Structure formats: C-alpha cells, structure tokens
1. For the stretch 211-338, with every protein chain kept in place, what is the accessible area per residue (1.4 Å probe, Å²)?
2. So, how do all the Cα-to-Cα distances of the chain break down into 20 Å bins, in percent, from 0 on up?
3. Relative contact order of the stretch 120-214, please, whole-number percent, based on alpha carbon pairs below 8 angstrom and at least 6 residues apart.
4. Report, ordered by chain and residue number, the aspartates and glutamates lying within cross-link reach of K158, taken as a straight Cα distance under 12 Å and ignoring same-chain residues fewer than 8 apart.
5. Calculate how many DSSP beta bridges within the stretch 211-338 are antiparallel, expressed in % of all such bridges and rounded to the nearest 5.
6. Do you know the relative contact order of the chain, to the nearest whole percent, from alpha carbon pairs under 8 angstrom that are 6+ apart?
7. Would you calculate a helix-derived [θ] at 222 nm for the chain, using -39,500 (n - 2.57) for each DSSP H run of n ≥ 4 and dividing by the full residue count, to the nearest 500?
8. Explain nothing, just the number: dipole magnitude of the chain about its Cα centre with +1 on each Lys and Arg Cβ and -1 on each Asp and Glu Cβ, in debye rounded to the nearest 20.
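The values are calculated or read from the model by the stated rules, or taken from the named source; none is laboratory data. None of the values given here were measured: they were computed from a predicted structure. Cβ sites come from the backbone with ideal geometry, for glycine too, and all protein chains shown count toward neighbours. Heads up: the accessible areas ignore ligands, DNA and RNA and are worked out on the full protein's heavy atoms, side chains in. Shrake-Rupley method; radii C 1.70, N 1.55, O 1.52, S 1.80 Å.
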Amino acid sequence: MDSNNLGLPVGTTLDRFIKRKQDDFPYATGELSQLLRDIALAGKIINREISRSGLLGIGGAFGATNVQGEEQQKLDVIADIRFTRALRNGGEVCAIISEEEEKIIDLGNHSGRYVVAMDPLDGSSNIDVNVSIGTIFSVFRRISPVGGPITEEDVLQKGTEQVAAGYILYGSSTMLVYTTGHGVNGFTYEPSLGEFFLSHQNITTPKDGKIFSINEGSWDLFDQPIRDYVQECKECQFSGRYIGSLVADFHRNLLKGGIYIYPRSTKSPKGKLRLMYECNALAFIVEQAGGMATDGHRRILEVEPTELHQRVPLFIGSPKMVEKAMEFVRNDAISKGKKTQMKTA
Ligand code: AHG
Ligand code: MN
Ligand code: MN
C-alpha cells in the first residue's frame, strides 16, 4: 500500500463523475444525469433499509403475489415504492415499468423524456438470510411526443434502444455499476459519508473464464445441450458458483470471468428471467464491458419485446464461454434438423 494514499477514500464521487461525463456532450440537457442521481438516491435509501431490515421488522413475505404469481417480499414492495417515488419526484421520467407492477405506471410527468424499466429488488429469496441482493434498471428515451400521453410503444423498446442501464448490488459493500454506452463504471458506497465513489473505472470482463453459474437443481428439466455444456464445464474442473441473486452472480462473473445461464426448462419453457427488467440492462452492461449476452441463439439486445413481463432464456458473461455454450445449443438444433429431414425424406 502506498503510504501517500492512506486516509482515502476521497476521490471522484458519483455526482462529480456524472457531471464530468455530461460536460463531454455540449448539447446534453442534464436530465439523464439527474435521473441517474435520483436512482442513486433511492439506492441509498434501500441500502439503509436492507441493512436494518432484521431490526425494522420489514423482512419476510408481504402477503401478496405479483403479476407473475411470485410471492412478494415486504422489501420488494418497499423498493418498488422508493424507486417509483424518487423517479416521480425527479420529473425526468414519464413512465415506469416494474417487475412488481402489472401495468405501465404513468408518473404524471408528461414533460418527462425518459422511461425506466426496473427490477426494484432482485434475489428476493435471499433477503432474509443476509445474502447479496440488487436493483436493476434500464433507461429508454420515450418515443411518443413529449407532453402527450404515454403509449405502450414507449416502454416496449428493444434493448439496443437503452440510453443507460445499471444495477445496484447490496453486497459485502454496496456498489452502483452503470453504463450510458461509453464503457462501464462502478462506484462503491461509503456509508459514513453517504456517497458513492468511483472504485471500478472502465470495467472490462475477461474474454474467458472458469466459473459457471446455473441452478443445477433443475438439471432434469434442462434440454440436453445445456446438460452437455455444464458437463463439459465440470470436466474442465471449472468452479460452480450460484448465489441465486442474478445481480450478485452477474457482478462476480463480470469481474472474474465466467458464464451465467438461466435456460429454458420443462418448468419454464421460455426461461424465468425477464427481458425488460433484468436481461436487457445486464446485456447492455456486459456488451459494454466486452462480454456477450444471448438467449442461446440471438443477442438479448435484439429480442423484440411483445409484452411487459416477457421471459427469455439468458446466457451471459465472458464471450468465449457464451460462444461455447451457444455452439452446444446450435449443434443440437442442427442434428435435430437432420433427423427430421431424414424422417420426412
Ligand atoms: P427476483 O427476486 O427479482 O424475482 O429474481 C429472482 C431471479 C434471479 O435473481 C435469480 O438468479 C433467479 O431468479 C433464481 O432462480 P432459481 O431459484 O430458479 O434458480
Ligand atoms: Mn430479479
Ligand atoms: Mn425482483
């Protein structure tokens, strides 16, 4: 350790970093910058609530299910309310779509130029056991004219149209990682100062890795090529790591190199994860960091959304590993195609 550095952390705050980036674009209005600050503020509040949840009595189930039939935890609902409130008060966002809400939330800010898609709290099953959880968000520019009503077209945009995306990881330390399409930067929260500081500048993910993350409990429900790929990972003696909070699994693999797979299965024929709230944002980030994200066939960012709560299989991480996994899927499709041809010939 360099003794000159003792006494840190004092460095670039998230606010200063956002401002500096905004100055690179002379015609930027500052609205996106303010929106990112609003998200960071809500993240700080949620961070406080999560770290005290055992004392505040806000752990456990809320007593209702969301539109997807999943049991909501109290903190899912609290996070949803906090983020919605921060974005409504900020004024830059006209509409939100959220994993926890059935329909589009019209914030009443019709002069707002942005829409946000979010998973307010990811990894709900880990809330009550002190395991890392997260928040995921995507920002789009609205399509309908500013000042008018919100349309479905505003919120059902392809991942390629994201203007910013990020996540907050409430882990051993709390981090905010985001991109606006010019690289990926990570900020660590200093709770005693109430500030996020730049700690991970220009994150790039390793081209290859030795970690595979998949819920092997569903092995019997997976397609054969997925089992074959995982088997190969095991034969290569890669490490299996699966937290069950997508943000945390993703963040580890982003930094260390690895692949996260949530494939289709006989139980979830379209996969489990949600295109708009989870996959698009992480796909944008991973690509900006030099990684890959696909549904096994196509880039996640090019999947055309048709409904708010659309699910999609996810293969995400180091490009060499994602390509390899896709090769298994592709070869299986080819050999099935050949068999069908033989039968019909
Ligand atoms: P959420 O808590 O937002 O509903 O997301 C849970 C997701 C994701 O975080 C995690 O990787 C995955 O579900 C775990 O699912 P399994 O328990 O089926 O592995
Ligand atoms: Mn989630
Ligand atoms: Mn969630």
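1. Here the per-residue accessible area is 42 Å².
2. 30, 58, 12, 1
3. Details: 143 pairs, mean separation 16.8, N = 95.
Dividing the mean separation by the residue count of the stretch 120-214 yields 18 percent.
4. K158 reaches E302, E304, E307.
5. 70 percent
6. 14 percent
7. About -10500 deg cm²/dmol.
8. 640 debye
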